[in-house]
């Protein structure tokens, strides 16, 4: 076995390699393809999740819009099958292998394997967690805004097993990772089913048994989502149940942040939990609004995820609309109503009537009728939903935990295989243990 103590720091990810493996500079294994695209080349888009796809397929699959290249063919680079593409996010997700012939942006670096480098082996190597960690170290030395060039790519040494072992490892990983991906996909589909069930249960309960179908897509009938309410219930105008709180924040108010996923949290806790930075308000308390516990907040993404209930007093941005109950209502019940799928669909219909850039105001909120059961029944429904939804959320959490474990196993297996820690025979059979 050979040790790596004499290799520069970027080779540390390789650890101890088998005796018959070599450590190579990337420029020995790959060359940079600089040829301009051909007239017949299709436009390719590399991505961390989906690999390299035709641009039209990428847009269809993800729903993301990409910047179309309108500067002519001389600003694009030609790509051959089994080339690799360094894109602007390769420091996060590795380098993408292309199975297609086409063209990519001139901002990308295109690599073509030399003789002795099996593309299927390096397809796994250049997406392995260990390699990506080392590639990130080279990015840390670049100035902000710079992309990874061929010279940066050349800094991270690569493992080179004998060619028959490269092929055996590629076969092994193709089979093993495919099995793991099938398990992950099953859990993802299970989560989708559970979340659909969750949405159905909530809307069904808060409308007294209404099935969440035939929701309005325009402002024609924003009360359609309520359907035929049970006896003793009625459809209420929101302004009869809530008023808009316009009170300025108080000196001792904590800054709160509403979010679709986590509800309303202190800003510091939100940043710690999510890792997201938020814009701090530095213009004084007169630009903030005071809220009380059991108030509801309409924020800039409420048309996607509903209104957020606050369980604590504090202050929020003046860009938000704060609602406070003006008549006896059960806050728990309306916490479910204002986050229900049926209600959100109807609220979204009011947004479709707004000009781009406008937020949902109290007058828009007032357009969507709300279900109003007797107060005692509101409490009963809220308690029942808390119980049923908790059961579903436990199942979702278990499925998400399975995905985390599977992805960790996936990443560890790839790095172990491409650095010789898994004994894979050239025949394609996995050996016993780790070398």
Checked 181, 174, 152 against criteria (more than 21 Å from the chain's Cα centre (by Cα) and not assigned by TED's automatic domain parsing to the domain that holds residue 135); the one match is 174
Residue within the stretch 63-71 that is within 29 Å of residue 185 (Cα to Cα), at pLDDT below 95 and surrounded by 19 or more Cβ atoms within 10 Å (Cβ to Cβ) present: no
Of (1) out of contact with any helix residue (DSSP H, G or I) (no Cβ under 7 Å at 6 or more places or on another chain); (2) within 24 Å of residue 224 (Cα to Cα); (3) touching a residue at least 24 places away in the same chain (Cβ under 8 Å), residue 378 fails just (1)
Determine if the stretch 294-313 includes at least one residue that is in a loop (DSSP other than H, G, I, E, B), in the same structural domain as residue 347 (by TED's automatic domain parsing) and at pLDDT below 85. yes
Restricted to the stretch 1-14 and to residues being modelled with pLDDT of 65 or more and in contact with a helix residue (DSSP H, G or I) (Cβ under 6 Å, 6 or more places away or on another chain), the residue nearest to residue 130 (Cα to Cα) is 13
Checking 424, 404, 329, 337 in turn, the sole residue that is without any contact (Cβ under 8 Å) to a residue 12 or more places away in the chain and either under 19 Å from residue 261 (Cα atoms) or crowded, with 16+ Cβ neighbours inside 10 Å (or both) turns out to be 404
Does residue 17 satisfy the criteria of being modelled with pLDDT of 90 or more and over 34 Å from the mean Cα position of the chain (by Cα)?
yes
Taking the stretch 383-416 and keeping residues farther than 18 Å from residue 184 by Cβ and touching a helix residue (DSSP H, G or I) at 6+ places or on another chain (Cβ under 8 Å) leaves 383, 384, 385, 386, 388, 389, 392, 393
Residue pairs qualifying under the 7 Å Cβ cut-off, at least six apart or on distinct chains, with the first in the stretch 298-313 being surrounded by 22 or more Cβ atoms within 10 Å (Cβ to Cβ) and the second being modelled with pLDDT under 85, are 298/360; 302/360
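The values are calculated or read from the model by the stated rules, or taken from the named source; none is laboratory data. Bear in mind the structure is a predicted one, so any value in this text is a computation, not a measurement. Cβ atoms come from the backbone with ideal geometry, glycine included; neighbour counts cover every protein chain shown.
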